[in-house]
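The values are calculated or read from the model by the stated rules, or taken from the named source; none is laboratory data. Source: prediction; values computed, not measured. With ideal geometry, Cβ positions are generated from the backbone for all residues, glycine too; neighbour counts draw on all protein chains shown. When the accessible area is computed, the model is the full protein with side chains, heavy atoms only, and any ligands, DNA or RNA have been set aside. Shrake-Rupley method; radii C 1.70, N 1.55, O 1.52, S 1.80 Å.
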Amino acid sequence: MKPLAFAVALAALGDTHALPPALQCALNSAAFEALPPPGPNDWLANHPEKGQTFDEFVRSQPNRPTAQRRTIYLQPLGTFELGPLKEFTEAFFMMPVVVRAPLDLTSAKITSRKNPYSGQQQLLTTDILAFLRRQLPSDAFCMLGITMIDLYPDPSWNFVFGQATLRDRVGVYSFARYEGQMRRNCKVVAHETSHMFGIEHCIYFRCVLNGSNHLAESDARPMHLCPVDLRKLQWSVGFDVLERYRRLRDVCRHAGFADEAQWYEREIERCAKS
Ligand SMILES: [Zn+2]
Ligand SMILES: [Zn+2]
């Protein structure tokens, strides 16, 4: 990492010396890669963002799981295979995950359009988010809608992979551009659900929270959190970081994400002695 980028990333992580040794070890790893400067079509070149440090995150008073609200709901909007999505989400957030019975959007009066360039049918995310808010169970930390239909957040946009609120506990994402590709789906679920913990896009490292403008950029994201965002999620949920890494390793192995399973295994070995 270049010295300036390194100093910025270190400042974003905040003061970690009072944290448990295993967590300090996990946060202080050479396995995290710097985020290279954006190309002209990449997210940060088109949506300049200033990043969210750990301290800024805490000061924003984000939603945290409570005894009353601690379940993550996945809400299929239609019928399709979810593969390892439930197990992955459970391990990623270390919280109970419930997959609800599929809901049909046809009666929900969701605004739709044909994309002006591709002619593809698209649904307006803000209408879906309002619909999901009305369905939110009383014990939900958050609820993520999943659809097979492509999405757009605003008439001026071409499309969006997904959208989630930082405060309102609802999000939605689409399988349309990722059909049958579970690695991509798991990444988007991790990304959109993390937003509902108040975690904003990551500009510091290669991270599952990097913004994404196109498929190649989505694919360049790893499935794991960088240290800044790992610290945020750990602060919010309070899990044991090595227990989380072991569960993610097992889920990734089982799902056939061999490189990610290996990444977790190396980090577990490195920090288990700490
Ligand atoms: Zn995002
Ligand atoms: Zn990050």
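Filter segment 77-101 for residues that are of a type outside the set (A, V, I, L, M, F, W, C) and modelled with pLDDT under 95; which is nearest to Leu225 (Cα to Cα)?
The qualifying residue nearest to Leu225 (Cα to Cα) is Pro84.
Residues are listed down the side, and each one gets a yes or a no for (1) outside any helix (DSSP H, G or I); (2) of a type in the set (Lys, Arg):
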position	(1), (2)
Phe92	no, no
Met95	yes, no
Pro102	yes, no
Leu123	yes, no
Ile128	no, no
Arg134	no, yes
Pro137	yes, no
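Please name all residue pairs, on different chains or six or more residues apart, with Cβ atoms under 7 Å, provided the first residue is in segment 31-47 and is in a loop (DSSP other than H, G, I, E, B) and the second residue is basic (Lys, Arg).
Pairs that qualify, where the first residue is in a loop (DSSP other than H, G, I, E, B) and the partner is basic (Lys, Arg), are Ala31/Arg266; Glu33/Arg206; Leu35/Arg206.
Can you pull out the helices (runs of 4 or more DSSP H) entirely within segment 170-274 that have at least 1 residues that are more than 16 Å from ligand 1 (Cβ to nearest atom) and open to solvent by less than 10 Å² (accessible area, probe 1.4 Å)?
227-237, 241-255, 258-271
Among the numbered criteria (1) more than 16 Å from ligand 2 (Cβ to nearest atom); (2) open to solvent by 10 Å² or more (accessible area, probe 1.4 Å); (3) in contact with a helix residue (DSSP H, G or I) (Cβ under 8 Å, 6 or more places away or on another chain); (4) aliphatic (A, V, I, L, M), which one does Ala164 miss?
(1)
Could you tell me how many of the residues in segment 64-81 are out of contact with any helix residue (DSSP H, G or I) (no Cβ under 8 Å at 6 or more places or on another chain) and open to solvent by less than 50 Å² (accessible area, probe 1.4 Å)?
Here the count works out to 4.
Restricting to segment 71-87, name every residue that is in a loop (DSSP other than H, G, I, E, B) and touching a residue at least 60 places away in the same chain (Cβ under 8 Å).
Result: Gly78, Phe80, Leu82, Gly83, Pro84.
For the list (1) over 27 Å from Val241 (Cβ atoms); (2) open to solvent by 10 Å² or more (accessible area, probe 1.4 Å); (3) more than 16 Å from ligand 1 (Cβ to nearest atom); (4) among the charged types (D, E, K, R), I need the number of the one condition that Glu87 fails.
Every listed condition holds for Glu87 apart from (1).
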